Amino acid sequence: CNVVDDTGKQATATTTVSVLAPPPPPAAALPVTSSLCTTSFERDKARPVRVDNEAKACLDDVTMSLQQNPNAKLALVGTEDAKEQAIEAREANRKHHTEEPSEAAQRAADTKDYLVTDKGIDPSRIVLYTSTADSETVTTTLVPLGATLDPTGLTPVDESKVKVQGRKPIQ
């Protein structure tokens, strides 16, 4: 740098300037799934796939989450215990391998029916799966737009093979 003032005095200086690329912006946090609640179907042995009043309370909260996240989907995972699986396998063999939906699939379908019929949730926003566990439950997982559900251990339900049973009184 050279400088000359109006009286003719001069000055000289040297410096180094380094120009660096700015750091990348922070990565936008990818949306992640979140478990909402689990409903149990173990209390009503006469109707083991019925959505009871306790389950409705959980599903009312699920409905609010779906309303607050209009682009999110919901994964319903019906489970059944080993005893139920053994009974279903015996019945399938006895009926010459006609494939009946599992109670886990039935639980998930009946749960979806409650959300669609009673709560007005768009059925295309709900995906059904089954899984094995030592329980008779349906877990609910919110899947925001851009997030993916880990399918490990899950089996998609063919809804065309499941007939919704709805809420029937004991006969």
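Points worth noting:
- With 19 Å as the limit on Cα-Cα distance, the pairs of K45/K119; K73/K119; K112/K161; K73/K161 that go past it are K45/K119; K73/K161.
- Applying the criteria of a DSSP loop state and at most 10 other Cβ atoms within 10 Å to the trypsin sites (Lys or Arg not before Pro) of segment 1-79 yields K9, K45.
- Label-to-label distance, nm, for residues given as V164 and D122 (7 Å Cα→Cβ offset): 1.7 nm
- Additional length obtainable on full extension of the chain from S40 to S135, 0.36 nm per residue less Cα span: 33.4 nm
- Shape of segment 101-171, Cα gyration tensor, a/c cut at 1.5: oblate
- Length available on full extension from V17 to D60: 0.36 nm per residue minus the Cα-Cα distance, which gives 9.3 nm.
Read-outs throughout are calculated quantities, based only on the coordinates presented, and are distinct from any laboratory measurement. Note that the coordinates shown come from a computational prediction; the quantities given were computed from them, not determined experimentally. Don't worry about glycine lacking a Cβ; one is built from the backbone with ideal geometry, like all the others, and counts go over all protein chains shown.
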